[in-house]
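**Q** Mind looking over this structure? Questions follow.
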Amino acid sequence: MTLSGTDALPVRGTHECRGAAHLFVLDEQLTGRTTFLTTTLLIDPGPGGGPGGGEEPYRLHVRILTFDDVTVLSPLPGQEVPPTADAGFRGTLEIRHGWREPAVPEDLARAAAAAGIDTDAWSEAEARQVLTFLGEARQGSAVREQRLHAIVSALAAGS
């Protein structure tokens, strides 16, 4: 399932409880650089009305977590999570941000340009891997400098 600038995305999946944590696991993985995005899930009313008995969808603020093979919606703290019939749900994600292009940090952009690497030519998977690897290192740290060198060296060797 790819986000292509839309503001409303129909979703369905299962509602799982793990201890005190509630997770809404989508039947289809989201793609389009949406992980960690905060958005609103509108849970559709069931046959007997929506969660809480009303006819209106239930609004739940969630964080999108997309992993290698699954997308999970994690409710933000401080909200009452509605029960869902038979642990299944249907709803709509209100995505105000639409498609999000990855932001290449300035230090990586400079290092890549100096090595003649076109960051716009990266595939989505390459960009996600490179940006995640670099993003886990603090700005200005020796670890970040080592990772910048490793990224640029690997990409230059593969060119």
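The values are calculated or read from the model by the stated rules, or taken from the named source; none is laboratory data. Fair warning: this is a prediction, and the values are worked out from it, not measured in the lab. Cβ sites come from the backbone with ideal geometry, for glycine too, and all protein chains shown count toward neighbours.
**Q** If I filter segment 41-95 down to residues being closer than 27 Å to Glu126 by Cβ and part of a loop (DSSP other than H, G, I, E, B), which single residue comes out as modelled with the lowest pLDDT?
**A** Looking at residues that are closer than 27 Å to Glu126 by Cβ and part of a loop (DSSP other than H, G, I, E, B), I get Ile95.
**Q** With respect to Ser141, is the statement that it is at pLDDT 90 or above and in the same structural domain as Ala21 (by TED's automatic domain parsing) true? Talk me through it step by step, then tell me what you get.
**A** Working: at pLDDT 90 or above: yes; in the same structural domain as Ala21 (by TED's automatic domain parsing): no.
Taking the combined requirement at face value, the residue does not satisfy it.
**Q** May I ask you to verify whether Ala103 is at pLDDT 85 or above, farther than 26 Å from Glu16 by Cβ and either of a type outside the set (S, T, N, Q) or in a helix (DSSP H, G or I) (or both)?
**A** no
**Q** Turning to a different aspect of this structure: So which residues in segment 108-125 are surrounded by 15 or more Cβ atoms within 10 Å (Cβ to Cβ), of a type outside the set (Val, Ile, Thr) and part of a helix (DSSP H, G or I), if there are any at all?
**A** Leu108, Ala111, Ala112
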